[in-house]
Ligand code: F3S
């Protein structure tokens with residue numbers, strides 16, 4: 001069944017509770033007593049207890065830890081697996097907040113939409129069956145394969161000005177295009193929101209991005225964020241929210257703003273956001289959410305959806321849109337920005353071949369109606385002149401709604417007539433799900449309208465140089481096949497010998513006939529009731545999925561040390577940088593994201609053993625032998641020997657990947673003693689029932705070796721209601737000598753309950769059943 005125009009949606013679960021939020025904000029104002037930026041207003045109004053989070057005012061940004069109540073969760077099919085497995089072990093019968101699952105990452109691009117979709121559904125059937133059955137059981141909105149890419153669907157259906165949402169994908173901030181705070185997190189954080197546990201975030205700094213002037217000619221919002229990435233670099237937004245303001249914001253379409261917010265992830269920003277605008281209202285109305293628009297209008301009239309007069313930013317970057325020109329970023333890093341007019345010289349200087357091998361448009365970053373109409377305008381100009389694409393030209397629509405509207409409005413036929421292949425509504429080549437038939441293994445270049453261009457990301461070939469550009473620049477260049485072609489100034493020679501030059505593309509931000517929904521079977525009912533009788537499908541012999549068995553508590557009759565941890569054997573002293581990637585490698589291991597036993601085979605395989613200087617080597621002093629880290633960890637587990645790690649500075653930096661905490665715990669890790677921890681990973685360890693301790697004297701790190709036995713001293717006092725009691729560690733060496741070293745802990749009262757229960761989810765299960 002299809003319907004030809006967008007119907008009004010049930011907006012009950014997507015309209016932010018503006019009155020409640022504004023009331024909360026008043027409590028915050030009473031403490032902080034200063035003008036607030038827009039991002040601060042949105043974030044702080046979701047704080048659970050202002051008195052606790054702001055404890056009397058002072059410096060908040062970059063210092064305070066906020067306990068928040070997000071309003072919604074969205075998960076993509078790859079990361080949803082472990083998030084759901086964890087949620088299941090909490091023993092709840094429904095999610096505490098509206099949640100959606102989107103099947104988009106596992107669809108491989110090869111022949112075209114239908115064939116690719118059918119093939120990928122068969123290949124990944126067990127994962128999709130699992131996700132769907134879990135969705136039905138817990139009342140989660142399930143967007144099946146082919147429905148579209150998570151961020152486009154969220155923008156079309158769930159995003160709302162002022163909302164705080166979490167998504168288990170780094171480009172979740174895309175929804176910021178609708179003036180909200182959408183933050184990409186790991187599965188364990190999503191589970192916090194899904195179980196109704198407070199979600200913790202260090203209050204970000206706020207970087208103001210002032211936009212003045214107007215975009216013109218070929219320049220688009222993609223060029224703005226490509227330019228900004230060049231200015232800020234991949235680290236420039238770390239720990240910060242990018243808050244845009246100025247006269248140049250309101251003239252941009254909502255989907256154009258979403259492109260900017262989407263790629264804020266490329267500069268490391270927590271998220272990006274914009275003040276509510278007439279274009280946001282128009283987009284809400286065009287996508288069946290007039291009720292949200294009306295509520296947002298009212299909240300905006302009370303000043304909620306914009307910054308206070310006089311609000312201060314930690315830094316301000318000003319960009320004049322009138323001076324902005326199309327920009328191409330890459331290769332291999334999204335912050336290597338080159339203006340289009342200088343790109344030819346840049347390519348020549350590097351000595352690269354002038355040709356490129358494929359042009360790809362779409363993805364969650366750039367598949368809006370506006371993008372597609374502008375691209376279709378170029379395709380028509382070229383087609384009328386008798387040109388076709390010189391290179392494979394692939395287009396990924398972001399959603400079924402976009403695909404169906406493109407077809408109805410003759411966009412797809414225009415693209416196909418010049419040689420484009422329209423792929424399934426999914427991530428496809430953007431996430432490496434691209435089976436190239438030309439399969440170049442040598443150095444080659446591709447042009448994409450995507451957001452990331454790390455080595456090997458698209459086709460697995462680390463010599464493929466991915467240059468990021470706007471969809472219009474990618475499309476125009478596809479008709480030349482040359483990196484040196486600048487469609488703003490250069491002409492192409494037609495078979496007749498005449499010259500052809502593109503005129504700057506025109507597009508429409510919204511379809512005049514409204515959006516068409518397309519195949520209605522893709523749309524889940526809003527707020528489905530949980531069906532507790534549904535059995536979650538996980539095959540006994542599955543290699544990709546495994547139900548999580550709750551971790552047992554370290555305390556109880558089996559532990560003769562009472563409320564101290566049992567005696568722990570040191571498995572490894574890790575040297576230097578140890579990110580979540582070192583702890584749980586990605587790449588080929590991604591297929592085991594839903595199978596803790598299988599993925600744990602990668603535990604710390606790229607970490608360096610400080611005692612031997614080697615990677616993936618651990619010593620088993622009990623048998624006077626050595627093995628890989630997973631091998632020795634497995635031996636400890638089979639001996640029921642709980643163990644500990646000694647680690648260096650900033651242990652667990654990098655990402656919120658919960659596997660990096662789950663895997664050591666799975667093999668029996670009970671404590672990690674560090675020179676310092678990355679905060680998110682430290683919290684993830686606590687959630688899984690691992691005690692993180694900090695050396696008071698960092699030099700003590702060298703006093704502990706593998707095979708030593710560690711005993712906590714003083715933990716029982718902390719459990720006993722003395723949170724500030726000193727916890728030290730008694731080290732017993734192989735020759736029987738012993739000494740004590742001082743440590744610090746950062747456990748809150750709630751986190752102590754998690755440790756006692758064996759994990760946060762065990763604790764939730766025990767309190768709610
Ligand atoms: Fe998918 Fe690529 Fe976006 S992987 S979510 S289309 S960044």
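Scanning the range 719-741 for residues that are over 14 Å from residue 567 (Cβ atoms), surrounded by 14 or more Cβ atoms within 10 Å (Cβ to Cβ) and out of contact with any strand residue (DSSP E or B) (no Cβ under 6 Å at 6 or more places or on another chain) yields a count of 3.
Of the residues making up the range 582-605, those that are modelled with pLDDT of 95 or more, part of a loop (DSSP other than H, G, I, E, B) and closer than 29 Å to residue 701 by Cα number 2. Considering the range 397-432, and only residues there that are modelled with pLDDT under 95 and farther than 18 Å from residue 114 by Cβ, the residue that is farthest from the ligand (Cβ to nearest atom) turns out to be 432.
For the range 222-236, how many residues are over 21 Å from the mean Cα position of the chain (by Cα) and under 17 Å from residue 474 (Cβ atoms)? Qualifying residue count for the region: 3.
Is it true that residue 528 is on the phi < 0 side of the Ramachandran plot, within 30 Å of the chain's Cα centre (by Cα) and in contact (Cβ under 8 Å) with a residue 40 or more places away in the chain? Yes; evaluated as a whole, the condition is true for this residue. The set of residues from the range 510-545 being within 30 Å of residue 286 (Cβ to Cβ) and touching a helix residue (DSSP H, G or I) at 6+ places or on another chain (Cβ under 7 Å) comprises 510, 511, 514, 515, 516, 517, 518, 519, 522.
Kindly provide the set of residues from the range 433-456 that are at pLDDT below 95, under 26 Å from residue 486 (Cβ atoms) and near the ligand (Cβ under 10 Å from one of its atoms), ordered by number. Selection gives 452 alone. Total residues in the range 222-248 satisfying the condition of being assigned to a helix (DSSP H, G or I) and more than 16 Å from the ligand (Cβ to nearest atom): the figure is 7. Looking across the range 97-122 at every residue that is within 13 Å of the ligand (Cβ to nearest atom) and in contact with a strand residue (DSSP E or B) (Cβ under 8 Å, 6 or more places away or on another chain), the one that is nearest to residue 360 (Cα to Cα) is identified as 109. Within the range 133-160, the set of residues being assigned to a helix (DSSP H, G or I) and either in contact with a strand residue (DSSP E or B) (Cβ under 9 Å, 6 or more places away or on another chain) or within 16 Å of the ligand (Cβ to nearest atom) (or both) comprises 134, 135, 136, 138, 150, 151, 152, 153, 154, 155, 156, 157.
Is it fair to say residue 92 is assigned by TED's automatic domain parsing to the domain that holds residue 105, crowded, with 21+ Cβ neighbours inside 10 Å, closer than 16 Å to residue 193 by Cα and in contact with a helix residue (DSSP H, G or I) (Cβ under 9 Å, 6 or more places away or on another chain)? Taking the combined requirement at face value, the residue does not satisfy it. Please work out which residue is nearest to the chain's Cα centre (by Cα), limiting yourself to the range 161-173 and to residues that are crowded, with 24+ Cβ neighbours inside 10 Å and within 16 Å of the ligand (Cβ to nearest atom). Checking each candidate, the answer is 169. For the range 27-43, filtered to residues that are part of a helix (DSSP H, G or I) and touching a residue at least 40 places away in the same chain (Cβ under 8 Å), the residue that is surrounded by the most Cβ atoms within 10 Å (Cβ to Cβ) is 39.
Looking at residue 130, is it within 25 Å of residue 588 (Cα to Cα), more than 13 Å from the ligand (Cβ to nearest atom), touching a helix residue (DSSP H, G or I) at 6+ places or on another chain (Cβ under 8 Å) and at pLDDT 95 or above? It is true that residue 130 is within 25 Å of residue 588 (Cα to Cα), more than 13 Å from the ligand (Cβ to nearest atom), touching a helix residue (DSSP H, G or I) at 6+ places or on another chain (Cβ under 8 Å) and at pLDDT 95 or above. Within the range 174-191, the set of residues being assigned to a helix (DSSP H, G or I) and within 11 Å of the ligand (Cβ to nearest atom) comprises 174 only.
Filtered by the rule that a residue be in contact with a strand residue (DSSP E or B) (Cβ under 8 Å, 6 or more places away or on another chain) and either surrounded by fewer than 20 Cβ atoms within 10 Å (Cβ to Cβ) or not in a loop (DSSP other than H, G, I, E, B) (or both), the range 44-60 gives 44, 47, 48, 49, 52, 53, 54. Residues that are within 16 Å of the ligand (Cβ to nearest atom), modelled with pLDDT of 95 or more and crowded, with 24+ Cβ neighbours inside 10 Å are absent from the range 276-286. Filtered by the rule that a residue be within 12 Å of residue 683 (Cα to Cα) and in a helix (DSSP H, G or I), the range 753-769 gives 754, 755, 760.
Evaluation of residue 596 against the conditions (1) touching a residue at least 24 places away in the same chain (Cβ under 8 Å); (2) closer than 23 Å to residue 635 by Cβ; (3) out of contact with any helix residue (DSSP H, G or I) (no Cβ under 9 Å at 6 or more places or on another chain) shows that the sole unmet condition is (3).
The values are calculated or read from the model by the stated rules, or taken from the named source; none is laboratory data. Bear in mind that the values here come from a model prediction, so they are computed numbers and not experimental data. Because the Cβ atoms are built from the backbone with ideal geometry, glycine has one as well, and the counts that use them run over all protein chains shown.
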